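Working notes for the structure below.
The values are calculated or read from the model by the stated rules, or taken from the named source; none is laboratory data. Just so we're clear, the structure is a prediction, and the values are computed from it rather than from any experiment. In this analysis, Cβ positions are derived from the backbone assuming ideal geometry, glycine residues included, and neighbour counts consider all displayed protein chains.
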Amino acid sequence: MKASILLIYTGGTIGMKNNPETGALSPFDFNGIYDEFPSLRKLDVDIEVLSFDPIDSSNVTPELWVKLARIIRDRYDSFDGFVVLHGTDTMAYTASALSFMIENLGKPVVFTGSQIPIGVLRTDGRENLITAVEIAGAKQDGRAVVPEVCIYFQNRLFRANRTTKHSAEQLNAFRSDNYPALAEVGVNIHYNAPFIHRPEDRPDPLCISTHLETGIEIVKIFPGMRPATLESMLAVPDIRGIVLETYGSGNAPTADRFVRCIGDALSRGLLVVNVTQCPGGSVSMNLYETGKCLQRAGVVSGRDITTEAAVTKMMYLLGQNRDPEWTREMMGVSIRGEMTL
Ligand code: ASP
């Protein structure tokens, strides 16, 4: 039996095509997907298209994430997999957010997009789209091969909450420095089975969280940062969580004013998580005195989490409005495969 795929188009470069009348780039109507990509008919899939009013993903908001999560929940039983077409700029945030918002996922949700518009001859969008559809429909022994929220881009499939957009130029725009690719695509698709999450045989029903806390800041420290700058960032009213981007393995200045400022934020009940500014590797706060200081103050180690995953995980966890101890504990452990323990 053919796999059924719901293709959700949200916008981004992938959907742009030259308007024959004006010559300008304008959004492509994905309802004509089979005419544009006749090769899709050769895949063993049936595709239904759902188009949003296309946006540049720089304008994405958590409301769109909630809309996506609701669609996936509401249509979950009718489809074998979901493909989300999204601009590349914030794809890692949206896909990470969805990975946290959806619980007990047993079907693929594959995000993709492109660096070159689909209407341009040299587009990378055609291959990205066709392979994303194939992966979303892939089954073995009647079960989805990749029952995860993931990003497919330029021959590689990644766990969504491990990705970062690393290039505005190269066609392989995404990286997952701290977790292996879930699949490598060449002549064949090679799935990296040991690294793909397998849901339980009798999973609980899928459910979604739609309340996301946006009172969050990313604070990236740098040599020469004025203490007053940090103090005013942490004093913003209604902030509930800070993603602190530190150096190397989680190190930050040990100057009194810096440490006091972080300590004050923690004693006001803020959740502070330490992530590294390095693209690869992990926070390990007990290596140097400069990291230990943060650990002693009560900062949570984000280990090897990406900033995109840390921000969206924090939005999700604080949105649960559970007690602070639970939130702190969950922030420090892997809940959707987003960090290595
Ligand atoms: N600015 C575009 C977006 O993120 C870029 C892209 O799609 O690649 O929507």
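Could you please tell me which pairs satisfy a Cβ distance under 6 Å, a separation of 6+ or placement on different chains, a first residue in the range 261-283 that is within 11 Å of Val219 (Cβ to Cβ), and a second residue that is assigned to a loop (DSSP other than H, G, I, E, B)?
Val272/Val299; Val273/Gly302; Asn274/Gly250; Asn274/Val283; Asn274/Val299; Asn274/Gly302; Val275/Gly302; Val275/Ile305
Report, by residue number, each residue of the range 1-15 that is under 18 Å from Arg126 (Cβ atoms) and assigned to a loop (DSSP other than H, G, I, E, B).
Selection gives Gly12 alone.
Report whether or not Asn128 is in a helix (DSSP H, G or I), in contact with a Ser or Thr (Cβ under 6 Å, 6 or more places away or on another chain) and more than 16 Å from the ligand (Cβ to nearest atom).
In short, no.
Quick one: how many residues across the range 184-217 are in contact with a helix residue (DSSP H, G or I) (Cβ under 7 Å, 6 or more places away or on another chain) and free of Cβ contacts under 8 Å to residues at least 40 places away in the same chain?
Summing the residues that are in contact with a helix residue (DSSP H, G or I) (Cβ under 7 Å, 6 or more places away or on another chain) and free of Cβ contacts under 8 Å to residues at least 40 places away in the same chain in the range 184-217 gives 1.
State yes or no: is Pro54 touching a Gly at 6+ places or on another chain (Cβ under 7 Å) and not aromatic (Phe, Trp, Tyr)?
In short, yes.
Kindly indicate the residue of the range 58-75 that is in contact (Cβ under 8 Å) with a residue 24 or more places away in the chain and within 16 Å of the ligand (Cβ to nearest atom) and also nearest to the chain's Cα centre (by Cα) among those meeting that condition.
Trp65
Just the residues that are more than 13 Å from the ligand (Cβ to nearest atom) and buried (at least 20 other Cβ atoms within 10 Å of the Cβ), please, taken from the range 1-15.
Answer for the range 1-15, where residues must be more than 13 Å from the ligand (Cβ to nearest atom) and buried (at least 20 other Cβ atoms within 10 Å of the Cβ): Ala3, Ile5, Leu6, Leu7, Ile8.
Out of (1) part of a helix (DSSP H, G or I); (2) at pLDDT 95 or above, the odd one out for Asp89 is which?
Looking at each condition in turn, Asp89 falls short on (1).
Matching residues to (1) surrounded by fewer than 23 Cβ atoms within 10 Å (Cβ to Cβ); (2) outside any helix (DSSP H, G or I):
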residue: Pro253; (1), (2): yes, yes
residue: Arg257; (1), (2): yes, no
residue: Ser284; (1), (2): yes, yes
residue: Leu287; (1), (2): yes, yes
residue: Thr290; (1), (2): yes, no
residue: Glu308; (1), (2): no, no
residue: Leu318; (1), (2): yes, no
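Looking only at the range 132-144, decide whether some residue is more than 16 Å from the ligand (Cβ to nearest atom), in a loop (DSSP other than H, G, I, E, B) and touching a residue at least 12 places away in the same chain (Cβ under 8 Å).
Yes, that holds for at least one residue.
Hey, among the residues in the range 16-57 that are charged (D, E, K, R) and in a helix (DSSP H, G or I), which one's nearest to the ligand (Cβ to nearest atom)?
Top of the filtered list is Glu36.
One line per residue, one yes/no per condition, for (1) within 11 Å of the ligand (Cβ to nearest atom); (2) over 30 Å from Pro20 (Cα atoms):
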| residue | (1), (2) |
| --- | --- |
| His86 | yes, no |
| Thr90 | yes, no |
| Ser96 | no, yes |
| Ser99 | no, yes |
| Leu105 | no, yes |
| Val109 | no, yes |
| Pro117 | yes, no |
| Arg122 | no, no |
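Filter the range 30-59 down to the residues that are touching a Ser or Thr at 6+ places or on another chain (Cβ under 9 Å) and within 21 Å of Ala136 (Cβ to Cβ) and list them by number.
Phe30, Asn31, Val45, Asp46, Ile47, Glu48, Ser51, Phe52, Pro54, Ser57
Would you check if Asn178 is on the phi > 0 side of the Ramachandran plot, surrounded by fewer than 24 Cβ atoms within 10 Å (Cβ to Cβ) and more than 16 Å from the ligand (Cβ to nearest atom)?
So Asn178 does not fit the description; no.
So, Asp201, is that one modelled with pLDDT under 95 and away from the ligand (no atom under 16 Å from the Cβ) or not?
yes
Which one of Ile242, Ile218 is assigned to a strand (DSSP E or B), buried (at least 18 other Cβ atoms within 10 Å of the Cβ) and either at pLDDT 95 or above or among the aliphatic types (A, V, I, L, M) (or both)?
Every option except Ile242 fails the conditions.
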